[in-house]
Amino acid sequence: MRATTSLAGAIGDTPMVALGRIGAGLPVPVLVKCEHLNPGGSIKDRLAAAILDDAAARGVLQPGMTVIEATAGNTGVGLALLAAARGYRLVCVMPEKMSTDKREALTALGAQVRITPNAAPSHPDNFRNVAARLARENGWFLADQFRNPANVAIHERTTAAEILAQTGRRVGAFVAGAGTGGTISGVGRRLKAEVPGVQIVLADPVGSGLADWVETGNLGPDGAYAVEGIGGSEVPDNLHRDVIDVAERVTDEESFAMVRRLVREEGLLVGGSSGTNVVAALRVAARGGLAGPVVTVLPDSWDRYRAKPWMRDWD
Ligand code: PMP
């Protein structure tokens, strides 16, 4: 057993498992990295620790300071655990679309939560603009996951390294959705550099404009969708188009039906974007022509969606 002396030491080194039932009969295995098993229940624990470590090392974050972040919830949970352990105050700005489970978790962890309307990126009430304004006005440290290069760097250094080790460096394709872009840009960049012929695939909700952007360079129309944490109507600085080869579009219905299958057939207790990633990964595997397995991530845990209609309707 591995022993660790800090909470941050328990982040990462997540298990990778093959989808033995859902992926049966495909030309290559589909392997999923269980990021929902991080201490805060999501992949975002990695960048929460990386951003705080980097800011503390640069001296811009001092003990006792307030950290603020615009977050769909998961980064907030990661920051809240570490803020509690390290003695920072935390303010999270969330769009109202995000689940009440996430709001309650953040409040329970001692964070202050500010809810903003679901406003367009150019609008002053948009959650990112509100967080930046509050940071400026109050002298708080803005974690800035959409722009902070520590986000991409931690996936390049840890998530990608673990994938290389866990697959024996044989990866046919890597599939991920993009919220900040940190996962796909960081993992994609390292795999492209180290695995000849690997395909990097963006899994994008129908309603997001990012798949069109991958294909044409121009964002697609802004539509509504219910999967949380991925897709969008603007391109974050941390999403790097040069490492992405193709995009796969996935509907809410396909994503949520796949979450149910992941829970019931594989015992993987995951959230909506895991469904999106796995639907896209299965399609990529089924197309054939790959020299190795398809790898994807299960970004978060089901426990933060229990109040959502798509989970309530399970019989
Ligand atoms: N899934 C969920 C549930 C998320 O919260 C996020 C991050 N917003 C992602 C996927 C995407 O990860 P990244 O920010 O690294 O693109």
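The values are calculated or read from the model by the stated rules, or taken from the named source; none is laboratory data. Quantities reported herein were computed from a predicted structural model and do not represent experimental measurements. Neighbour counts run over all protein chains shown; Cβ positions are idealised from the backbone, glycine included. With ligands, DNA and RNA removed, areas are computed over all heavy atoms of the protein, side chains included. Shrake-Rupley method; radii C 1.70, N 1.55, O 1.52, S 1.80 Å.
Quick look at the numbers
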read-out: Residues that are on the phi > 0 side of the Ramachandran plot and either charged (D, E, K, R) or over 18 Å from the mean Cα position of the chain (by Cα) (or both), drawn from the range 2-39; value: D13, G25
read-out: Residues located in the range 182-236, provided they are on the phi > 0 side of the Ramachandran plot and either among the β-branched types (V, I, T) or within 11 Å of the ligand (Cβ to nearest atom) (or both); value: G229, G231, G232
read-out: Check on L219, assigned to a helix (DSSP H, G or I) and over 25 Å from A8 (Cβ atoms); value: no
read-out: Residue match in the range 132-140 (condition: part of a loop (DSSP other than H, G, I, E, B) and over 15 Å from I43 (Cβ atoms)); value: yes
read-out: Qualifying residue in the range 145-155 (condition: surrounded by fewer than 24 Cβ atoms within 10 Å (Cβ to Cβ), within 24 Å of I11 (Cα to Cα) and of a type in the set (S, T, N, Q)); value: yes
read-out: Some residue of the range 16-33 being touching a Lys or Arg at 6+ places or on another chain (Cβ under 9 Å), under 19 Å from V270 (Cβ atoms), open to solvent by less than 30 Å² (accessible area, probe 1.4 Å) and not assigned by TED's automatic domain parsing to the domain that holds A120; value: yes
read-out: Flag if R58 is at pLDDT 95 or above and open to solvent by 20 Å² or more (accessible area, probe 1.4 Å); value: yes
read-out: Residue match in the range 126-143 (condition: within 16 Å of the ligand (Cβ to nearest atom), open to solvent by 40 Å² or more (accessible area, probe 1.4 Å) and out of contact with any strand residue (DSSP E or B) (no Cβ under 9 Å at 6 or more places or on another chain)); value: no
read-out: Filtered residues of the range 91-112 (kept if hydrophobic (A, V, I, L, M, F, W, C) and outside any helix (DSSP H, G or I)); value: V91, C92, V93, M94, M98, L109, A111
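Each row is one residue, and each column tells you yes or no for (1) open to solvent by less than 10 Å² (accessible area, probe 1.4 Å); (2) in contact with a helix residue (DSSP H, G or I) (Cβ under 8 Å, 6 or more places away or on another chain).
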| site | (1), (2) |
| --- | --- |
| S233 | no, no |
| A247 | no, yes |
| V279 | no, yes |
| A291 | no, no |
| V294 | yes, yes |
| A307 | no, yes |
| M311 | no, yes |
